[in-house]
Amino acid sequence: MLIIGEKINTSRHEVAEAVKRRDAEFIRALARRQMEAGAHYIDVNCGTFASDEPELLNWMVREVQQELDGAPLCIDSSAPAAVEAALKVHRGQALLNASYSGEQERYQALDPLIVEYGCKVIVLCIDDESGIPAEATTRFVIASRIIDRLKTRGVKTEDIFVDPLVQPISVDGRNCLISAETIRMVRRKYPEAHAVCGLSNISFSLPERKLINQAFVVICAAYGLDAVILDPEDRKMMGLVYAAEALLDHDPFCRSYMSAYRRGILS
């Protein structure tokens, strides 16, 4: 399972304060801790600083990559100007989390950047006609259309990550299975593509949200989820991810599970 560390996000008060002070030491330490806890990518997001987002995201990318010796980042912004400012200084192949979808305005703004910088990209199962579809089949159709169009732009299938659009089960009890079924259909048709999601939306407005999130990631892993945006310092969650991978025979001879145990990152 590809782990994307979610903690460098200015929606978190302590991160916002550090960014406001340009506290590079705080940001670097947070990046380092997530990588040491098992993250493969570090997400960087400063979307709450709308007017200064391009300059700040550029700064965050430079500081984090310098701390992590050029490790790849997940550039998390819905503003094309901020995305471009970050990609200009990113070393290596970035993963782009920029609300890329089947909406014409979004892909027209982002396609040139994806092609120019050779990014991996997270795509959302949304288009101009359907919005957020209520059924997995419609989400799959939209995802297929986006994947096929990206391929005509020269993007490799293995560089495409599909987000099934997780919605709260407190609103509709089917939402877990809708996301899981979307993942299953995408991975079946495009086995080289990836499926990715964050976890927090599934438990919105419910008590003991971590419990719901933990069960959700295990269910989605069984349906083909192979990348997840989470807090890698949550050892319970990380333990469940590694255990699920081993149980699903995605971890030959349990090597990754045993390595994580020896490194002390399991609960």
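The values are calculated or read from the model by the stated rules, or taken from the named source; none is laboratory data. In this text, all values refer to a predicted model and were calculated from it rather than measured experimentally. As a convention, Cβ positions derive from the backbone with ideal geometry for all residues, glycine included, and neighbour counts pool all protein chains shown.
If VAL121 passes every condition in (1) in contact (Cβ under 8 Å) with a residue 60 or more places away in the chain; (2) among the β-branched types (Val, Ile, Thr); (3) touching a helix residue (DSSP H, G or I) at 6+ places or on another chain (Cβ under 6 Å) but one, which one does it miss?
(1)
Of a type outside the set (Asp, Glu), within 26 Å of VAL217 (Cβ to Cβ) and touching a strand residue (DSSP E or B) at 6+ places or on another chain (Cβ under 9 Å): which single residue out of VAL83, VAL64 fits that description?
Checking each option against the conditions leaves just VAL64.
Hey, could you check the range 161-185 for residues that are among the hydroxyl-bearing types (Ser, Thr, Tyr) and under 18 Å from SER101 (Cα atoms) and say which is surrounded by the fewest Cβ atoms within 10 Å (Cβ to Cβ)?
Applying the filter and picking the extreme gives SER179.
For the range 101-112, enumerate the residues that are within 24 Å of LYS88 (Cβ to Cβ) and either surrounded by fewer than 20 Cβ atoms within 10 Å (Cβ to Cβ) or touching a residue at least 40 places away in the same chain (Cβ under 8 Å) (or both). Reasoning before the result, please.
The initial filter retains those residues of the range 101-112 that are within 24 Å of LYS88 (Cβ to Cβ), namely 101, 105-112.
Answer for the range 101-112, where residues must be within 24 Å of LYS88 (Cβ to Cβ) and either surrounded by fewer than 20 Cβ atoms within 10 Å (Cβ to Cβ) or touching a residue at least 40 places away in the same chain (Cβ under 8 Å) (or both): SER101, GLU105, TYR107, GLN108, ALA109, ASP111, PRO112.
Scan ARG184, ARG174 and give me the residue that is closer than 17 Å to VAL228 by Cα and free of Cβ contacts under 8 Å to residues at least 60 places away in the same chain. Spell out the reasoning first.
Working: ARG174 fails: closer than 17 Å to VAL228 by Cα.
None of the others qualify; the one that does is ARG184.
Going by the structure shown, is ILE8 touching a residue at least 40 places away in the same chain (Cβ under 8 Å), out of contact with any helix residue (DSSP H, G or I) (no Cβ under 7 Å at 6 or more places or on another chain) and aliphatic (A, V, I, L, M)?
no
So for the range 218-226 (the condition being among the small types (Gly, Ala, Ser) and farther than 25 Å from GLY102 by Cβ), does at least one residue qualify?
Within the range 218-226, one or more residues are among the small types (Gly, Ala, Ser) and farther than 25 Å from GLY102 by Cβ.
Go through the range 124-149 and give me each residue that's in contact with a strand residue (DSSP E or B) (Cβ under 9 Å, 6 or more places away or on another chain) and without any contact (Cβ under 8 Å) to a residue 40 or more places away in the chain.
Answer for the range 124-149, where residues must be in contact with a strand residue (DSSP E or B) (Cβ under 9 Å, 6 or more places away or on another chain) and without any contact (Cβ under 8 Å) to a residue 40 or more places away in the chain: ILE126, ASP127, ASP128, GLU129, SER130, ILE132, PRO133, THR138, VAL141.
When the range 7-45 is examined, which residues are found to be among the acidic types (Asp, Glu) and on the phi > 0 side of the Ramachandran plot?
Scanning the range 7-45 gives no hits.
Report every pair of residues separated by at least 6 positions or lying on different chains whose Cβ atoms are under 6 Å apart, first residue within the range 192-220 and closer than 14 Å to LEU177 by Cα, second surrounded by fewer than 16 Cβ atoms within 10 Å (Cβ to Cβ) and not aromatic (Phe, Trp, Tyr).
Here the result reads SER203/ARG209; ILE212/LEU206, each pair linking the range 192-220 to a residue that is surrounded by fewer than 16 Cβ atoms within 10 Å (Cβ to Cβ) and not aromatic (Phe, Trp, Tyr).
I need the full set of residues from the range 219-233 which are surrounded by 18 or more Cβ atoms within 10 Å (Cβ to Cβ) and either within 19 Å of HIS40 (Cβ to Cβ) or in contact with a strand residue (DSSP E or B) (Cβ under 6 Å, 6 or more places away or on another chain) (or both), in order please.
Listed by number, the residues that qualify are CYS220, ALA221, GLY224, LEU225, ALA227, VAL228, ILE229, LEU230, ASP231, PRO232.
Any chance the range 75-96 includes a residue that's closer than 25 Å to GLU181 by Cβ, surrounded by fewer than 16 Cβ atoms within 10 Å (Cβ to Cβ) and not polar (S, T, N, Q)?
No, every residue in the range 75-96 fails to be closer than 25 Å to GLU181 by Cβ, surrounded by fewer than 16 Cβ atoms within 10 Å (Cβ to Cβ) and not polar (S, T, N, Q).
Residues of the range 245-257 being touching a helix residue (DSSP H, G or I) at 6+ places or on another chain (Cβ under 8 Å), without any contact (Cβ under 8 Å) to a residue 60 or more places away in the chain and in a helix (DSSP H, G or I), which ones?
Matches in the range 245-257: ALA246, CYS254, SER256, TYR257.
Here is a list of conditions, (1) crowded, with 17+ Cβ neighbours inside 10 Å; (2) at pLDDT below 95; (3) part of a loop (DSSP other than H, G, I, E, B), and ALA260 meets all of them except one; can you say which number that is?
(3) is the only condition that ALA260 fails.
Could you look through the range 222-267, keep only residues that are among the small types (Gly, Ala, Ser) and within 22 Å of ILE8 (Cα to Cα), and pick out the one that is nearest to the chain's Cα centre (by Cα)?
Applying the first criterion (among the small types (Gly, Ala, Ser)) to the range 222-267 yields 222, 224, 227, 239, 243-244, 246, 256, 259-260, 264, 267.
After this cut, where a residue has to be within 22 Å of ILE8 (Cα to Cα) as well, the list is 227, 239.
Numbers: ALA227: 7, GLY239: 19 Å.
Residue satisfying both the conditions and the ranking: ALA227.
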